Amino acid sequence: MGLLGDIGIFSLGVGKGLSIFAGGVIVAKNKPLFSLIQKTSTRIVPTNYLIETKRLLELIFYYIFYRPSLLRFVFGIPLRHHLKKSNFIKAAGDNCSFKFPIHRVSRYRKYIGSNALNRLNDFLNSNRKKAISRLKKLEAIKGLKVLTTNESEETWPFIVLMMPNQKIRDQITSVLWSKSLGVGRLFIEAISNYDYLKPYFKNTNVSAGQQFAANTMIISNSPWLTDKHFNQIYRVLNLHLK
């Protein structure tokens, strides 16, 4: 969520640029408010050694498998399975739930996160330069809308593309999503149409959200997406947007 409000929330979950496998960070610039957050955390967040041990083991395996040569086994195979069954919500990792354990992060996982933080700026700067270069190339494709921002410090974990219609978007993702090229969909439904969120909306007919979900796709800005890989994506986009 960043720092748009009085309280900032940063996810450190799986797949983030800075990850401790599960968990996050809450920050507040206002000292009295931050003091209240700390007191609330002390009161309601328990220590659970069993779950934290599980998280540490998951983080170790995450470190082992989070590389191009092994990701195909833990991510690629399940992804293609879900796509084959047209289960796009699972394919996009949108099958979320509010049923998750709340517990304290151990000192060891905090150390891993703070150590990775020292490398984060260089990582973000490199990603930013790469994204800006690729944005310019994508913006030259007729009929393609590239969603950009005026923020100079945008981190660009991925690039969001808006297609002229859902049919073209589906044609492109049917070719690229399963190819280990970092192409996918950001949202499968409007936010009000996910089963676990429906109870929180009086009106689930959000046309702007439905159109956004229907017409958009994303390209990863991962360091593993080489220029060769990006050019493959670029050729497919050009082919379908002539």
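Just so it is clear, none of the values below were taken in a lab; they were calculated from the coordinates. Since the model is a prediction, treat every value here as computed from it, not as a measurement. Cβ: placed from backbone, ideal geometry, glycine included. Neighbour counts: every protein chain shown.
Of the residues Thr149, Tyr66, Ala91, the one whose Cα sits farthest toward the positive end of the charge dipole of the chain, with +1 on the Cβ of Lys and Arg and -1 on the Cβ of Asp and Glu, is Tyr66.
Treating each Cα of segment 58-113 as one equal point scatterer and applying the Debye formula with no solvent, the log10 of I(q)/I(0) at q = 0.18, 0.27 Å⁻¹ comes out as -0.86, -1.02.
Tilt of helix 31-44 relative to the longest C-alpha principal axis of the chain, in degrees (0 to 90, nearest 10)? Its long axis makes an angle of about 80 degrees.
Provide, as a two-decimal number, the C-alpha radius of gyration of segment 88-242 over 2.2 N^0.38 Å, N being how many residues it has.
Against the empirical 2.2 N^0.38 Å value, I get 1.20 for segment 88-242.
Expressed in units of 2.2 N^0.38 Å, where N is the residue count, the Cα radius of gyration of segment 1-150 is 1.28. Taking GluC sites (Glu not before Pro) as candidate sites, keep only those in a DSSP loop with at most 12 other Cβ atoms within 10 Å, then name the longest stretch of the chain containing none of them. That would be 1-150. Between Lys136 and Leu36, the modelled label-to-label distance comes to 4.8 nm, taking each label 7 Å out from Cα in the direction of the beta carbon.
Taking amide hydrogens as placed 1.01 Å from N in the peptide plane, the amide H of Lys145 sits under 5 Å from those of Met162, each at least 5 positions away in sequence or on another chain. Its Cα centre serving as origin, the chain has a Cβ charge dipole (Lys and Arg +1, Asp and Glu -1) of approximately 380 debye.
Segment 188-221: which chymotrypsin sites (Phe, Trp or Tyr not before Pro) are DSSP loop and have at most 15 other beta-carbon atoms within 10 angstrom?
Those satisfying the criteria are Tyr196, Phe201.
Between the residues Ile37, Gln232, Asn115, the greatest Cα displacement towards the positive end of the dipole of segment 8-240, with unit charges on the Cβ of Lys, Arg, Asp and Glu, is found for Asn115. What trypsin sites (Lys or Arg not before Pro) in segment 4-98 are in a loop by DSSP, with at most 12 other Cβ atoms within 10 Å of the Cβ? Counting only loop positions with at most 12 other Cβ atoms within 10 Å, the trypsin sites (Lys or Arg not before Pro) in segment 4-98 are Lys29, Lys85. Taking trypsin sites (Lys or Arg not before Pro) across segment 197-235, the ones in a DSSP loop with at most 10 further Cβ atoms lying within 10 angstrom of their Cβ are Lys202. Taking each DSSP H run with n ≥ 4 as -39500 (n - 2.57) and averaging over every residue of the chain yields -15000 deg cm²/dmol at 222 nm.
The HN-Hα couplings worked out from phi for segment 131-144 by the Karplus form 6.51 cos²θ - 1.76 cosθ + 1.60 (θ = phi - 60°) are 5, 4, 5, 6, 4, 4, 5, 5, 5, 7, 7, 5, x, 9 Hz, whole numbers, x standing for Gly and Pro. Using C-alpha pairs under 8 Å with a sequence gap of at least 6, the mean separation divided by the residue count of the chain gives a relative contact order of 17 percent. Comparing Pro223, Pro78, Pro32 in a Gaussian network model of the chain (Cα springs below 10 Å), the most mobile by mean-square fluctuation is Pro32.
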